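Asker: Here it is: the structure, laid out below.
The values are calculated or read from the model by the stated rules, or taken from the named source; none is laboratory data. Bear in mind the structure is a predicted one, so any value in this text is a computation, not a measurement. Note that we place each Cβ from the backbone using ideal geometry, even for glycine, and neighbour counts take in every protein chain shown. Note: accessible area is taken over every heavy atom of the protein model, side chains too, but ligands, DNA and RNA are not part of it. Shrake-Rupley method; radii C 1.70, N 1.55, O 1.52, S 1.80 Å.
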Amino acid sequence: MKTTADFRKMKLENEKITMVTAYDAPSAKLVEEANLDVILVGDSLGMVVLGYDSTVPVTVDDMVHHTKAVKRGAKDTFVVTDMPFLSYHGTISETIENVKKLVQDAGADAVKMEGGGAVLETAKLLIDAGVPVVAHLGLTPQTVGVLGGYKVQGKNKEDAEKLLADAKKAEASGVSMLVLECVPEELAGLVTETLSIPVIGIGAGRYTDGQVLVFHDLIGYTQGHVPKFVKRYGNVSNTIQEALKEYNETVKHGKFPEEKHVFQPIESVQQLYGGMK
Ligand SMILES: Nc1nc(=O)c2c([nH]1)NC[C@@H]1CN(c3ccc(C(=O)N[C@@H](CCC(=O)O)C(=O)O)cc3)CN21
Ligand SMILES: CC(C)C(=O)C(=O)O
Ligand SMILES: [Mg+2]
């Protein structure tokens, strides 16, 4: 399994780092077999899998449940799990209780936390305790209510300076990586060249050390809104829809099951009831 040290080395050697979300065992297995570097059990789970309108309703128990599934499917890939909304804003003991569930019970290799400022103080305490932490700046979907929508961040000088300062603070806190979401690509490039930790972008342009996308967006399986920064590499929704329609038709028309799908012989049933009428 690649580790945080490997990701740092990859940055130094200009080798791009690939990250994708996964929420269950079979998809995690496919990600591992495709040789991607990192799996993120994102709280986007709430939107792409659980049918919520935002990531706000996602709980620690949801993240535990799906992290366990992902770890069963991908035993040899570094797994980062999102700490969900408000699960790292209470007392440090409450936060540690939640981290313990995600790391010790579910097997996450690192936890990701959205935000700068005070969140990074919390990150430092966790890192001192031995927990690898990934920071997440720029568009932080858990604060959508405060931001007023999923909008590009760091567009003016003041916001850009704040973001760069938070990024430096993240590095100083000891975080292993930084996810940068929905920022102008030049700002992402500046953050990337300023920091020595890997910067993974989503909607952050071409100059970051790596990229992350939501699994369902990438394969074309998202049912709701797909952000502009997404490239769809497949169209799985079509494939599934075709299979479902064909199943429906063949059953309705008596063409499934066929003889090869049937258990034979039915001697015992014949002995019991004298066979079918
Ligand atoms: N399917 C999915 N993909 C994601 O990448 C994703 C989620 N869901 N849910 C959690 C967060 C929310 N994210 C989002 C959601 C929407 C936009 C969006 O619509 N952005 C506008 C840009 C608006 C602007 O110009 O300021 C867009 O048109 O893409 C961006 C990120 C990223 N994450
Ligand atoms: C969009 C990525 C970075 C994320 O946080 C998630 O999938 O929840
Ligand atoms: Mg997230």
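Asker: Which residue fluctuates the most in the chain, going by a Gaussian network model with Cα springs under 10 Å, if the choices are K101, K11, K252?
Answerer: K252
Asker: Can you check what the net charge comes to around V144, using other residues whose Cβ is under 15 Å from the Cβ of V144 (Lys, Arg +1; Asp, Glu -1)?
Answerer: Cβ neighbours under 15 Å give a net charge of -4.
Asker: Let me ask something else. So, for the chain, what is the accessible surface per residue at a probe of 1.4 Å, expressed in square angstrom?
Answerer: Accessible area per residue, the chain: 55 Å².
Asker: Between A165 and K16, with labels modelled 7 Å along Cα→Cβ, what's the label distance in nm to one decimal, could you check?
Answerer: Label-label distance for A165 and K16, simple model: 3.3 nm.
Asker: With charges set only on the Cβ (+1 for Lys and Arg, -1 for Asp and Glu), what does the dipole of the chain come to about its Cα centre, in debye to the nearest 20?
Answerer: The dipole of the chain has a size of about 320 debye.
Asker: Identify all lysines with a Cα-Cα distance to K151 below 21 Å; exclude those on the same chain that are fewer than 8 residues away in sequence.
Answerer: Correct list for K151: K112, K162, K228, K231.
Asker: Under the definition of Cα pairs under 8 Å and six or more residues apart, what whole-number percent is the relative contact order of the chain?
Answerer: Contact order relative to length: 15 percent.
Asker: Let me cross-check R72: its accessible surface, 1.4 Å probe, with only protein heavy atoms counted, in Å² to the nearest 10?
Answerer: 150 Å²
Asker: Once the other residues with Cβ under 13 Å from the Cβ of E186 are scored (Lys, Arg +1; Asp, Glu -1), what is the net sum? Each step should come with its number before you reach the end.
Answerer: On the way: positive: K155, K157, R206; negative: E185, E193.
Here the charged neighbours net out to +1.
Asker: For the stretch 1-132, give the percent of accessible area contributed by carbon and sulfur heavy atoms, probe 1.4 Å, rounded to a whole number. List each step's numbers first, then the result.
Answerer: Values: 3310 of 6130 Å².
Accessible surface attributable to carbon and sulfur in the stretch 1-132 totals 54 percent.
Asker: Now, a different point. Using a 1.4 Å probe on the protein heavy atoms only, what accessible surface does D82 show? Give it in Å² to the nearest 10.
Answerer: Number for this one is 10 Å².
Asker: If I model the stretch 143-222 as equal point scatterers sitting on the Cα atoms and use the Debye formula, what is log10 I(q)/I(0) at q = 0.12 Å⁻¹?
Answerer: Those come out to -0.36, one per q.
Asker: Separate question: Of C182, V103, N156, which is farthest along the charge dipole of the chain in the positive direction, counting Lys and Arg as +1 and Asp and Glu as -1 at C-beta?
Answerer: C182
Asker: When averaged across all projection directions, what area in nm² does the alpha-carbon convex hull of the stretch 92-142 cover?
Answerer: Mean projected area of the Cα convex hull: 3.6 nm².
Asker: Considering just Cα atoms, how many Å³ per residue does the convex hull of the chain enclose?
Answerer: Per residue, the Cα convex hull of the chain comes to 174 Å³.
Asker: Once fully extended, how much extra length lies between K151 and K100, figured as 0.36 nm per residue of separation less the alpha-carbon to alpha-carbon distance? Each step should come with its number before you reach the end.
Answerer: Details: separation 51, 0.36 × 51 = 18.36 nm, distance 3.25 nm.
Extending this stretch completely gives an extra 15.1 nm.
Asker: Another one. Subtracting the Cα-Cα distance from 0.36 nm times the residue separation, let me have the gained length for R206 to D128 in nm, one decimal.
Answerer: Contour length minus the Cα-Cα distance gives 24.8 nm.
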